[in-house]
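Written below as structure tokens is the structure these notes are about.
Derivation of every value follows stated rules applied to the coordinates shown; laboratory data play no part. Bear in mind the structure is a predicted one, so any value in this text is a computation, not a measurement. Every residue, glycine as well, gets a Cβ built from its backbone with ideal geometry; the counts of neighbours run over all protein chains shown.
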Amino acid sequence: MSQKNRYRAVLVAAIALSVGGIIWAISTKHSEYGDRGGAIAVAVALVVFFLDRNYPDKLYKIVSGEASELRKDLPEEERQAAASLQTDDLERRIATLEKGIKDIHTKVNLRSESQKLQTKYLVWATLIGTLVWGFGGAFAKALINR
């Protein structure tokens, strides 16, 4: 399942739990149950999203992985004396380093986009759940008493 589909599923679950709590409160005629679905929705959303948020570790692995690949590509050149390097070697080395930096930049940007997507869905799932948690009982009571 893609990240976006997983985040959508959590959002749908938060909505379903929130609405389900209100329906449960109306059907049992206990308005205080109306906020429980929202509380469960917030808990589920936070568990799913925060268990997946190991971004510092992911970023470290991206950077250290790229750095070790660069070191692997250039071990012999690192041991050479600076005087013995020719212009072609320096240009190749600079090109290799530039490519490595661009690769790191691309991978970090991809992780950043993933984090923005996750944050968007987390905001909506917890907002809906929190509102129902706070006002679901009152809403259910109004519907019971009408």
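The set of residues from segment 127-141 being among the hydrophobic types (A, V, I, L, M, F, W, C) and touching a residue at least 40 places away in the same chain (Cβ under 8 Å) comprises ILE128, LEU131, VAL132, TRP133, PHE135, ALA138, PHE139, ALA140. Within segment 116-146, the set of residues being over 19 Å from VAL42 (Cα atoms) and in contact with a helix residue (DSSP H, G or I) (Cβ under 8 Å, 6 or more places away or on another chain) comprises LYS141, LEU143, ILE144.
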